[in-house]
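I have placed the structure first, in the form of structure tokens, so that the comments after it can refer back to it.
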Amino acid sequence: MQTTIEKKDVRKLSLNELKDFFTQRGEKSFRAQQVYEWLWKKSAKDFDQMTNLSISTRELLKEHFTINHIRVDNMQRSEDGTIKNAVKLYDDLIVESVLIPTKDRITACVSSQVGCSLDCKFCATARLKRMRNLSPDEIYDQVVAIKQQAELFFNRPLTNIVFMGMGEPLLNYGNVLEAINKITSPDGLNMASKRITLSTVGIAKMIKKMADDEVKFNLAVSLHDAINETRSAIMPINETNPLEELAEALIYWYKKTKRKVTYEYVVWKGINDTPEHVQALVKFCKHIPCKVNLIEYNPIDEGVFQQGSPEAVQLYQTTLERNGIVARIRKSRGKDIDAACGQLANKS
Ligand code: SAH
């Protein structure tokens with residue numbers, strides 16, 4: 001009696017495994033190259049799109065495999081041009097990804113996990129419990145979807161990618177790395193590593209691992225405060241991964257990669273809007289060459305966290321710059337559709 005076995009996602013196979021699949025069945029191994037190209041370079045969503053394969057070869061593939069491609073379930077457009085996609089995965093879970101257009105860039109902001117386990121007090125994604133990691137192809141597909149939207153709606157190419165959507169990329173490091181390898185590979189999207197930024201809550205051990213792996217993309221750290229007591233209160237990860245360890249890992253990163261780090265920082269009323277916090281940040285910034293993005297707070301609740309005053313933000317910028325540290329004040333994008341930093345929570 002024949003039992004039904006669940007079909008394997010064909011994109012879990014390497015090119016060599018695909019070659020074996022074909023040769024074991026008496027087919028030419030160059031078929032594997034053709035299929036591989038359809039799967040990655042051309043982002044085929046089903047086997048019938050693979051028109052240079054014979055019908056019988058397509059049937060053979062269908063018999064053994066599926067393609068678990070993501071589906072853009074809902075697309076919202078902000079008045080500032082930002083696009084937010086609710087992306088449905090093969091198991092019906094949903095993540096969000098965002099296209100951010102500016103004068104000279106189109107940036108894709110992608111998710112790395114369904115939900116998040118980190119519990120940062122100011123972030124909407126933290127309220128969704130972590131369900132699972134995204135696979136490399138699910139990350140890749142988000143980029144492809146945004147690349148197509150960039151071409152379709154803006155007639156411009158996708159220029160940058162940031163891992164600033166849902167989830168903590170360094171808690172799904174293997175898959176994120178594999179996705180980035182595909183995104184930068186000539187077999188995939190052939191994008192430049194230097195156009196990619198991974199943003200992390202700052203897991204020291206993993207930052208060192210990235211340095212050892214000699215990754216070629218950029219690193220951003222969500223710092224938000226440089227005093228342990230305050231940072232631990234708003235970002236629980238800091239309790240087990242304090243600023244001293246983070247600093248040590250960043251020094252290690254810089255030594256190995258010689259690449260500047262970006263710190264993301266929100267100024268909140270009554271939390272970090274005093275000169276003491278500004279001074280602590282300046283001191284932290286002296287560890288390695290860096291720049292600071294002072295990002296606007298996107299409210300997610302009834303006012304526990306409130307955006308610091310323009311004067312408080314200005315004090316940060318002026319003091320940092322006076323100390324030779326580049327600091328930029330960043331306006332939020334896509335706020336009206338809950339597409340801004342920290343607002344991704346599957347409301348739709
Ligand atoms: N887990 C990663 C990436 C996801 S968050 C990280 O922590 O970096 C992307 C950025 O949005 C982070 O810098 C995060 O601190 C910030 N963020 C989260 N909630 C926010 C909010 N409500 N307003 C503004 N920025 C927020």
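Suppose the filter is within 12 Å of the ligand (Cβ to nearest atom), surrounded by fewer than 19 Cβ atoms within 10 Å (Cβ to Cβ) and of a type in the set (K, R); does R127 pass it?
Yes; evaluated as a whole, the condition is true for this residue.
Take segment 133-142 and flag every residue that is within 16 Å of the ligand (Cβ to nearest atom) and either open to solvent by less than 20 Å² (accessible area, probe 1.4 Å) or over 14 Å from E96 (Cα atoms) (or both). The answer is L134, I139, Q142.
Results for (1) open to solvent by less than 70 Å² (accessible area, probe 1.4 Å); (2) assigned by TED's automatic domain parsing to the domain that holds Y90; (3) closer than 23 Å to L189 by Cα, shown as yes or no for each residue.
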| position | (1), (2), (3) |
| --- | --- |
| Q24 | no, no, no |
| F30 | no, no, yes |
| F47 | yes, no, yes |
| L53 | yes, no, yes |
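The set of residues from segment 67-96 being among the polar types (S, T, N, Q) and under 19 Å from C116 (Cα atoms) comprises just one member, N85. Among the residues of segment 65-90, the one identified as within 30 Å of M50 (Cβ to Cβ), open to solvent by 60 Å² or more (accessible area, probe 1.4 Å) and outside any strand (DSSP E or B) is Y90.
Exactly one residue out of T82, T51, T57, T66 is free of Cβ contacts under 8 Å to residues at least 12 places away in the same chain and not aromatic (F, W, Y), and it is T51.
Scan segment 91-113 for residues that are outside any loop (DSSP other than H, G, I, E, B) and either open to solvent by 10 Å² or more (accessible area, probe 1.4 Å) or closer than 17 Å to A339 by Cβ (or both) and the total you get is 12. Scanning segment 99-113 for residues that are over 17 Å from M235 (Cβ atoms) and within 13 Å of the ligand (Cβ to nearest atom) yields I100, T107, C109, V110, S111, S112.
Within segment 274-287, is even one residue crowded, with 16+ Cβ neighbours inside 10 Å, within 15 Å of the ligand (Cβ to nearest atom), touching a residue at least 12 places away in the same chain (Cβ under 8 Å) and under 19 Å from V201 (Cα atoms)? Yes, segment 274-287 contains a residue that is crowded, with 16+ Cβ neighbours inside 10 Å, within 15 Å of the ligand (Cβ to nearest atom), touching a residue at least 12 places away in the same chain (Cβ under 8 Å) and under 19 Å from V201 (Cα atoms).
Annotation: L170 fulfils all but one of (1) at pLDDT below 95; (2) within 14 Å of P136 (Cα to Cα); the unmet one is (1). Scan segment 100-108 and give yes if some residue there is charged (D, E, K, R) and touching a helix residue (DSSP H, G or I) at 6+ places or on another chain (Cβ under 6 Å), otherwise no. Among the residues of segment 100-108, not one is charged (D, E, K, R) and touching a helix residue (DSSP H, G or I) at 6+ places or on another chain (Cβ under 6 Å), which makes the answer no. Of all the criteria given as (1) assigned to a loop (DSSP other than H, G, I, E, B); (2) acidic (D, E); (3) in contact with a helix residue (DSSP H, G or I) (Cβ under 9 Å, 6 or more places away or on another chain); (4) open to solvent by 70 Å² or more (accessible area, probe 1.4 Å), the one not satisfied by E17 is (1). For segment 300-331, the candidate set comprises residues that are out of contact with any helix residue (DSSP H, G or I) (no Cβ under 9 Å at 6 or more places or on another chain) and surrounded by 18 or more Cβ atoms within 10 Å (Cβ to Cβ); within that set, the residue that is nearest to K129 (Cα to Cα) is V313.
Once segment 302-348 is narrowed to residues that are touching a residue at least 60 places away in the same chain (Cβ under 8 Å) and β-branched (V, I, T), the residue that is farthest from the ligand (Cβ to nearest atom) is I337.
The values are calculated or read from the model by the stated rules, or taken from the named source; none is laboratory data. In this text the structure is predicted, and so the values were computed from the model without any measurement. Note: ideal-geometry Cβ built from the backbone for every residue, glycine included; neighbour counts use all protein chains shown. Accessible surface areas use protein heavy atoms only, side chains included; no ligands, DNA or RNA. Shrake-Rupley method; radii C 1.70, N 1.55, O 1.52, S 1.80 Å.
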